[in-house]
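First the structure, then my questions, so here it is.
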Amino acid sequence: MKRMRYFSAAMIFFSFLVSGVIFTYLYAKNIDEDQQKRDIVAENIYSSVHEEIYMPIVVSRTMAADTFLQEKLLHESEYSVEDISSMFAAYLKRVRSEMHYSSAFVISEKTRRYYSARGIEKLIDPLTSPYDIWYQLFIESGKTYDLDTDRDQANGFRWTVFVNYRITDAAGNLLGVCGVGVIMTNLQGIFEDYESKYKVKINLVDPDGLVQVDTKESDIENAYITEAIVDNASADHYTYSSRGVNGFRMTRYMKELEWYLVVQGINSRFVNIVYSYIILAVCALLFLAVFFIVEHFAVKDNVKSFSTDGLEDPVTGIPNREYLREAYGEEGVFNTTRYKSIAVFDVDNFRTINENNDGADVLKSVVSFANDFFAWKGLLIRWTDDDFVALLEMPVDDAVEKFKEFCFTVNRELGITVSVGVTEVNLSDTIKVNYYRAVQKCYLMKEKGGNGVCKN
């Protein structure tokens, strides 16, 4: 009887082994066919996105090199406000209409006037308007151009991809910024067509994994796909990664945009069936293994540990921006009355400090002092590089006094200075707008020489 039991078990094992070989062959064959199909779809998506975005970059580059714009900005003060406004309006109206863009603009570094096809729209002032902080960030980045996703105030606050291009004179001195805006509707239409036809999900994300283009508007600049950044995709080809049992992700770096194109989906129905059979076969083999083990040995349970990655800054050990999104959802709004104030602070002249010292050690020391001072009544987040965001449970005035002590101690103990901007949390605004108000104050402190605190 025992011999017959082992013979039956051996026959079952052999049957599943043969089935496994057959199904593995069919699975591999189907995977190859699916991969070829995905490659074709992905290349078509890349070409469509590249064509839609690259041309605005070329147009903005041409505008920045136009001697008309350069000369008018150089001699701006020699014209009356009406004349210079009229000249820029005519030029930008022509660019907008001929190239079919939603907007075209020029910003003068000297006067901070924002010229559009309608003339002077406003004066750019990052210190008083949260929506103008992008200009200061772009200028300080040192980049020749960049792309910025935002709602266009001049076009009904519709989601728009702006191309910002630096204008300089022959000596390389900054004259201003120009560019065009492309309403996201066209890109979303392209994405929707491909998503519907090929049952995939398409996104453009920035180097932090923050979604910049999506067919779902609530995810734009709110959702993250940080796992795509870990793929280390190049500009030459897509990087393929598996998602779960039956999903895939293809990522490609778009060099001109400095964004990543991410295509996600699931494999074909046949692959699902094959997976089911393979899983069944594996389960049967495991059953047989257990069957033989039970005959001779006692079974002990194994406990697998679980860890969550991606929410902690590897340098300082504190939460990162992704943690904030996980905590407060895709819409990016506070869902608690716990925090009374928000602060943004960074290390003054960090680039120079980093060149002469170990920047990581400096940041760790700054975080250590912050933890000592606030102990910790709130939440400290590493935002980017040497920028930190603090959500505090204390009122603004108390936070200001604490940060003054913090700045003094950091200067005394580390020999460096820190600039801090503090503002009261407004629960009716998004976290992004609250952050912009605080970062304005931080920049205002830097304009005053740093090493201090500025509040609203």
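The values are calculated or read from the model by the stated rules, or taken from the named source; none is laboratory data. Keep in mind that what you see is a predicted model, and the values were worked out from it rather than measured. Neighbour counts run over all protein chains shown; Cβ positions are idealised from the backbone, glycine included. The area values use the complete protein model at the heavy-atom level, side chains included, leaving out ligands, DNA and RNA. Shrake-Rupley method; radii C 1.70, N 1.55, O 1.52, S 1.80 Å.
Return a yes/no flag: does the range 210-229 have any residue that is basic (Lys, Arg) and part of a helix (DSSP H, G or I). Break it down stepwise before answering.
Going residue by residue through the range 210-229, those that are basic (Lys, Arg) are 216.
From the residues that got through so far, the ones that are part of a helix (DSSP H, G or I) too are none.
No, because not a single residue in the range 210-229 is basic (Lys, Arg) and part of a helix (DSSP H, G or I).
In addition: Of the residues 284, 235, which is open to solvent by less than 70 Å² (accessible area, probe 1.4 Å), in a loop (DSSP other than H, G, I, E, B) and either more than 13 Å from residue 38 (Cβ to Cβ) or at pLDDT 70 or above (or both)? Write out each step before concluding.
Details: 284 fails: in a loop (DSSP other than H, G, I, E, B).
Being open to solvent by less than 70 Å² (accessible area, probe 1.4 Å), in a loop (DSSP other than H, G, I, E, B) and either more than 13 Å from residue 38 (Cβ to Cβ) or at pLDDT 70 or above (or both) holds for just one of 284, 235, which is 235.
Another question, then. So which residues in the range 95-115 are farther than 21 Å from residue 129 by Cα, among the polar types (S, T, N, Q) and without any contact (Cβ under 8 Å) to a residue 60 or more places away in the chain, if there are any at all? Break it down stepwise before answering.
Step one: list which residues in the range 95-115 are farther than 21 Å from residue 129 by Cα, which gives 95-102.
So of that shortlist, the ones also among the polar types (S, T, N, Q) come out as 97, 102.
Residue satisfying the conditions is 97 alone.
So for the range 174-183 (the condition being surrounded by fewer than 19 Cβ atoms within 10 Å (Cβ to Cβ), β-branched (Val, Ile, Thr), at pLDDT 90 or above and not in a helix (DSSP H, G or I)), does at least one residue qualify? If you could, list the steps in order and put the result at the bottom.
Step one: filter the range 174-183 for residues surrounded by fewer than 19 Cβ atoms within 10 Å (Cβ to Cβ), giving 174, 183.
So of that shortlist, the ones also β-branched (Val, Ile, Thr) come out as 183.
With the extra rule that they be at pLDDT 90 or above, the set shrinks to none.
Checked the range 174-183: no residue is surrounded by fewer than 19 Cβ atoms within 10 Å (Cβ to Cβ), β-branched (Val, Ile, Thr), at pLDDT 90 or above and not in a helix (DSSP H, G or I).
Tell me which residues, restricted to the range 113-161, are aliphatic (A, V, I, L, M) and closer than 18 Å to residue 88 by Cβ.
Passing the criteria: 117, 120, 123, 124, 154.
Yes or no: the range 117-128 includes at least one residue that is open to solvent by 50 Å² or more (accessible area, probe 1.4 Å), part of a helix (DSSP H, G or I) and of a type in the set (A, V, I, L, M, F, W, C).
no
Quick check on my filter: what residues within the range 322-349 are open to solvent by 70 Å² or more (accessible area, probe 1.4 Å) and either in a helix (DSSP H, G or I) or modelled with pLDDT of 80 or more (or both)?
Correct list: 323, 326, 337, 338, 340, 349.
Only one of 409, 423, 352 is β-branched (Val, Ile, Thr), assigned to a strand (DSSP E or B) and on the phi < 0 side of the Ramachandran plot. Can you tell me which? If you could, list the steps in order and put the result at the bottom.
Values: 409 fails: assigned to a strand (DSSP E or B); 352 fails: assigned to a strand (DSSP E or B).
Among 409, 423, 352, only 423 is β-branched (Val, Ile, Thr), assigned to a strand (DSSP E or B) and on the phi < 0 side of the Ramachandran plot.
Of all the residues that make up the range 363-395, how many are open to solvent by less than 20 Å² (accessible area, probe 1.4 Å) and in a helix (DSSP H, G or I)?
5
A further question follows. If residue 263 passes every condition in (1) open to solvent by 20 Å² or more (accessible area, probe 1.4 Å); (2) under 22 Å from residue 47 (Cα atoms); (3) aliphatic (A, V, I, L, M) but one, which one does it miss?
(1) is the only condition that residue 263 fails.
Here's something else I'd like to know. Do we have any residue at all in the range 347-362 that's touching a residue at least 12 places away in the same chain (Cβ under 8 Å), closer than 17 Å to residue 420 by Cα and within 22 Å of the chain's Cα centre (by Cα)?
No, the range 347-362 contains no residue that is touching a residue at least 12 places away in the same chain (Cβ under 8 Å), closer than 17 Å to residue 420 by Cα and within 22 Å of the chain's Cα centre (by Cα).
So, in the range 311-321, how many residues would count as being surrounded by 15 or more Cβ atoms within 10 Å (Cβ to Cβ) and either modelled with pLDDT under 85 or part of a loop (DSSP other than H, G, I, E, B) (or both)?
Matching residues across the range 311-321 total 4.
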